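Throughout, read-outs are computed from the coordinates displayed, never taken from laboratory work. Everything numeric here is computed off the predicted structure, so don't read it as measured data. Cβ: placed from backbone, ideal geometry, glycine included. Neighbour counts: every protein chain shown.
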Amino acid sequence: MSDALIRFNKPTVIGNELQYMQEAIANGHLSGDGPFTKRCHALLEQTLGVPKALLTTSCTHALEMAAILLDIQAGDEVIIPSFTFVSTVNAFVLRGAKPVFADVRADTLNLDETRLEELITERTKAIVPVHYAGVACEMDTILDIARRHQIAVVEDNAHGLFGKYRGRYLGTLGVMATQSFHETKNFTCGEGGALLINDPALVERAEIVREKGTNRSRFFRGQVDKYTWVDIGSSYLPSDLLAAFLYGQLEQAEEIQRRRQYIWEIYHRLLADWAAAWDIRQPVIPDDVEQAYHMYYILLPSLQMRTKLIEHLRNHDIKAVFHYLPLHLSDMGRRFGGQEGDCPVTEDVSNRLLRLPFYNTLSSEEQERIIDALHQFRP
Ligand SMILES: *Cc1c(COP(=O)(O)O)cnc(C)c1O
């Protein structure tokens, strides 16, 4: 049968990452906010047109910063899709918030905006939509509801860097947005993230929170003559070594996205007949959305068939994975009152979704092997 194992994800060097890391060492600035961090900030700000981008140690930490900047307090409610990674909710729970779990739409698996308003109460402080798979949520409706109720929107854009909604970049729509540069994302430095800030009034405090609650950023700019403790905060800035690696990736954004688009479209086209024959659903991309090509997933008709397909692929040395377990039914979610039936779409799709291997350097031969193996599958 087959050659080597095809992994689900493989982080790879694509441009000048290693050269830039050597340069960072030669610069003698390995801590945060060195020359490469500044280059990453400028690239993100200019490309996306956001007032401020700040690299963070992870998307999780960018979410934690967002919760601090919104002054989330004990008893506040935050609306979050149940179908997401734990960090989306944890960041707010750490500040004492009560998560209110929203279900997702059956087509895009994004927060169901038609059921959003009924979740809002007097205590709702934030809505955190996740652009699942880098496909935009229905943001005009979400933003309109948020505006009417004066609730902040924070986009968890871990999947969606450089994706667009009605011509506007994802990450520029909420008051803040968070990015991930974890090794499983389109662009990586191993572990890393960014906070995008669209409200300039939040920038100064964001710099303080990110620098351990000190006004060190102002000190380095010569705006104050000594720096001191002025607010709560933590250490949310990554080493310039990691920023150097990341800059090498971000510089290749067009090439990386072109490659990912190609891989995505091959899956989509060559699996269409097979999927139709076995009642397998392929991803749905609304017309007014330019997706970020973060993943290729399929929805099997049943949990049993997914289990069989994972096994079948494993026998062909191909690793396919699933996610997310519904947050409202997790141990923590249940402590916040989550119950079976609260989010029926989430509960259903989480049993049936499967992600196929997808990474920047997935070769045509590897992809052919995966598609052949799928075509051979008999449920
Ligand atoms: C990956 C991911 C995160 C967390 O990112 P880290 O950089 O690993 O902290 C948060 N939200 C979503 C939707 C993610 O996919």
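So here's what we get for this one:
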item	result
Amide H contacts of I318 (H built 1.01 Å from N, under 5 Å, at least 5 apart or other chain)	I6
For the stretch 240-283, Kirkwood radius (reciprocal of mean inverse C-alpha pair distance, Å)	12.6 Å
Residue order, fewest to most beta carbons within 10 Å, for M139, M332, M21	M332, M21, M139
Extended-chain gain in nm, criterion 0.36 nm per residue less alpha-carbon gap, Q261 and K10	88.7 nm
Global size of the stretch 253-376 as Cα Rg and Dmax, reported in angstrom	16.1, 48
Spatial separation of Cα centroids for the stretch 211-290 and the stretch 132-154, in angstrom	19 Å
Greater than 23 Å apart at Cα, pairs in K38/K125; K38/K185; K185/K308; K125/K185	K38/K125; K185/K308; K125/K185
Debye-sum result for the chain in log10 I(q)/I(0), which assumes one identical scatterer on each alpha carbon, at q = 0.06, 0.07 Å⁻¹	-0.23, -0.32
Convex hull volume per residue for the stretch 206-292, taking Cα atoms only, in Å³	192 Å³
Antiparallel bridges, percent of DSSP beta bridges restricted to the chain (to nearest 5)	60 percent
Rounded D (µm²/s) - the stretch 266-334, Kirkwood Rh over Cα pairs, Stokes-Einstein at 37 °C, 0.692 mPa s	229 µm²/s
Dipole axis of the stretch 253-376 (+1 Lys, Arg; -1 Asp, Glu on Cβ), positive-most option in Q282, Q257, Y359	Y359
Alpha carbon Rg of the stretch 134-288, scaled by the compact-globule rule 2.2 N^0.38 Å	1.32
Whole-Hz ³J(HN,Hα) from phi, Karplus 6.51 cos²θ - 1.76 cosθ + 1.60, for the stretch 59-70, glycine and proline x	5, 3, 5, 5, 5, 4, 4, 4, 5, 5, 5, 8
Among T307, T184, T88: highest mean-square fluctuation, GNM of the chain, C-alpha pairs under 10 Å	T307
Projected label distance in nm at D372 and L18, using a 7 Å step from Cα toward the beta-carbon	3.1 nm
Kirkwood hydrodynamic radius (C-alpha pairs) into Stokes-Einstein, the stretch 47-146, 25 °C and 0.890 mPa s, D in µm²/s	173 µm²/s
Residue-by-residue Karplus 3J(HN,Hα) for the stretch 315-321, coefficients 6.51, -1.76, 1.60, Hz, glycine and proline x	5, 9, 6, 10, 9, 10, 10
Calculated [θ] (222 nm, deg cm²/dmol) that DSSP helices of n ≥ 4 give over the chain, each run adding -39,500 (n - 2.57)	-11000 deg cm²/dmol
For G192, residues with placed amide H under 5 Å, excluding near neighbours	C59, F181, H182
On Cα atoms only, tilt of 253-270 relative to the major axis of the chain in degrees	20 degrees
Built amide H within the under 5 Å cut-off of T214, gap 5+	V230
Two-site label geometry, K98 and E117: point separation in nm, points 7 Å out along Cα→Cβ	2.3 nm
Length added when fully stretched, W229-D317, from 0.36 nm per residue minus Cα-Cα	26.3 nm
Cα-based Rg / Dmax (Å) for the stretch 134-220	14.6, 42
Relative contact order [Cα under 8 Å, 6+ residues apart], the stretch 17-250, whole percent	27 percent
Qualifying GluC sites (Glu not before Pro) for the stretch 82-137 [loop in DSSP, other Cβ within 10 Å: at most 11]	E122
Shape call, the stretch 100-169: gyration tensor on alpha carbons, a/c limit 1.5	prolate
Gain upon complete extension [E365, A272; 0.36 nm per residue less C-alpha separation]	31.6 nm
